[in-house]
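The values are calculated or read from the model by the stated rules, or taken from the named source; none is laboratory data. Bear in mind that the values here come from a model prediction, so they are computed numbers and not experimental data. Here Cβ is always computed from backbone atoms with ideal geometry, including for glycine, and neighbour counts include all displayed protein chains.
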Amino acid sequence: MAVFRIAVIGGDGIGPEVIDQAIRAAESAARKFDGADLQWNRLPWSTAYYKKHGRMLPEDGWEQLKPHDAILFGAVGDPSVPDKITVHELLLPMRRKYDQYVNLRPAYLFAGVPCPLVGKKPGEIDMLVFRENTEGEYAPVGGNLYPGTEHEIAVQTGIFTRRGCERILRAAFETAKKRPRKKLTSITKSNAQVWGLGLWDDAFEAVRKDYPDVQSSSLLVDAAAMDFVRKPEAFDVVVASNLFGDILTDLSAAVTGSIGLASSANINPTRKFPSMFEPVHGSAPDIAGKGIECREQGTGRGEGAHA
């Protein structure tokens, strides 16, 4: 019997509640289909841990996580602590430190789930969004000059590398060629962000040549946002930068009925480091402990944002 050791970070708000149910589902599936032995290692890293210790995880926290086969992550965030601490000291560094460069977010319209779009049938919306997860617009590069004065300047730099663009594009193409529709859409905004997303477009044109059997095209992000609502059934595999992938997957979750049903895999394809699995919704502190599902309200980490 295969044995898998999984780190569990319940986090804040509804995080521990959701994770407890995820563990029940995983154990049931393992018994029924795989016969695998899932060993859960619960770690108390959360806003409460930060308030007690002044840090989101212990000094050797990253080394503690490394030996695991996977990480199951609930959510972090609480209105009492800025997201730049809870999110930027745990969630985002994890993705970069473990090179989880594939953020895979499926959006599927299940039977029995009300769709806000008229006339959509179960299974009619079925897309996989590949989001670049380690650089782009979320790279922690920037700073402030003259803070707190009328002359304050903020600089936030998006980082795009050919390696980073090509590897997420290639991962998306590899999946697209295995799906029945063999269709891929690359999301861009290079008409405005000519350098960073210009490189993205160049990488797309280079990689698509290796996949002639995949029907591929490029679409501006504003047009994509419109079509995610107007005709979501037109999409199959979608690949986007860190920021665009984040925003569009909130929209794809909404059109398939609920952000509370949306899942997110942060994958290191080499398996050099553990991959991390989480819900798309955040900590939703306003509904924690109430035993209700996370749908329209309180869906974000802390006070409404997730990453």
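A quick yes/no check of all residues on (1) of a type in the set (A, V, I, L, M); (2) touching a Cys at 6+ places or on another chain (Cβ under 9 Å); (3) surrounded by 21 or more Cβ atoms within 10 Å (Cβ to Cβ):
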| residue | (1), (2), (3) |
| --- | --- |
| 2 | yes, no, no |
| 10 | no, no, yes |
| 15 | no, no, yes |
| 38 | yes, no, no |
| 90 | yes, no, yes |
Original post:
Which is of a type in the set (Ser, Thr, Tyr) and either over 19 Å from the mean Cα position of the chain (by Cα) or surrounded by fewer than 11 Cβ atoms within 10 Å (Cβ to Cβ) (or both), of 175, 157?
Top reply: 157
Original post:
Of the residues 257, 282, which is modelled with pLDDT under 95 and in contact with a helix residue (DSSP H, G or I) (Cβ under 9 Å, 6 or more places away or on another chain)?
Top reply: 282
Subject >> All positions within the range 145-169 that are in contact (Cβ under 8 Å) with a residue 40 or more places away in the chain, more than 22 Å from residue 126 (Cβ to Cβ) and outside any loop (DSSP other than H, G, I, E, B) >> reply: 162, 164, 166, 167
**OP:** Report, by residue number, each residue of the range 78-128 that is in a loop (DSSP other than H, G, I, E, B), at pLDDT below 95 and either touching a Lys or Arg at 6+ places or on another chain (Cβ under 8 Å) or closer than 30 Å to residue 49 by Cα (or both).
**Re:** 79, 80, 82
**OP:** Return yes when residue 51 is of a type outside the set (A, V, I, L, M) and under 30 Å from residue 239 (Cβ atoms) and no when it is not.
**Re:** no
**OP:** State whether one or more residues within the range 79-99 are of a type in the set (Lys, Arg) and in contact (Cβ under 8 Å) with a residue 60 or more places away in the chain.
**Re:** yes
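Conditions tested, residue by residue: (1) in the same structural domain as residue 171 (by TED's automatic domain parsing); (2) surrounded by fewer than 21 Cβ atoms within 10 Å (Cβ to Cβ); (3) in a loop (DSSP other than H, G, I, E, B).
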site	(1), (2), (3)
205	yes, yes, no
212	yes, yes, yes
217	yes, yes, no
222	yes, yes, no
233	yes, yes, no
253	yes, no, no
272	no, yes, yes
281	no, no, yes
290	no, yes, yes
**OP:** Of the numbered conditions (1) hydrophobic (A, V, I, L, M, F, W, C); (2) in a loop (DSSP other than H, G, I, E, B); (3) over 19 Å from residue 87 (Cα atoms), residue 38 fails exactly one; give the number of that condition.
**Re:** (2)
Original post:
Which numbered condition trips up residue 59, out of (1) within 24 Å of the chain's Cα centre (by Cα); (2) of a type outside the set (Phe, Trp, Tyr); (3) not in a helix (DSSP H, G or I)?
Top reply: (1)
**OP:** Considering each of 15, 10, 35, 61 in turn, give the residue that is assigned by TED's automatic domain parsing to the domain that holds residue 280 and either acidic (Asp, Glu) or at positive phi (or both).
**Re:** 35
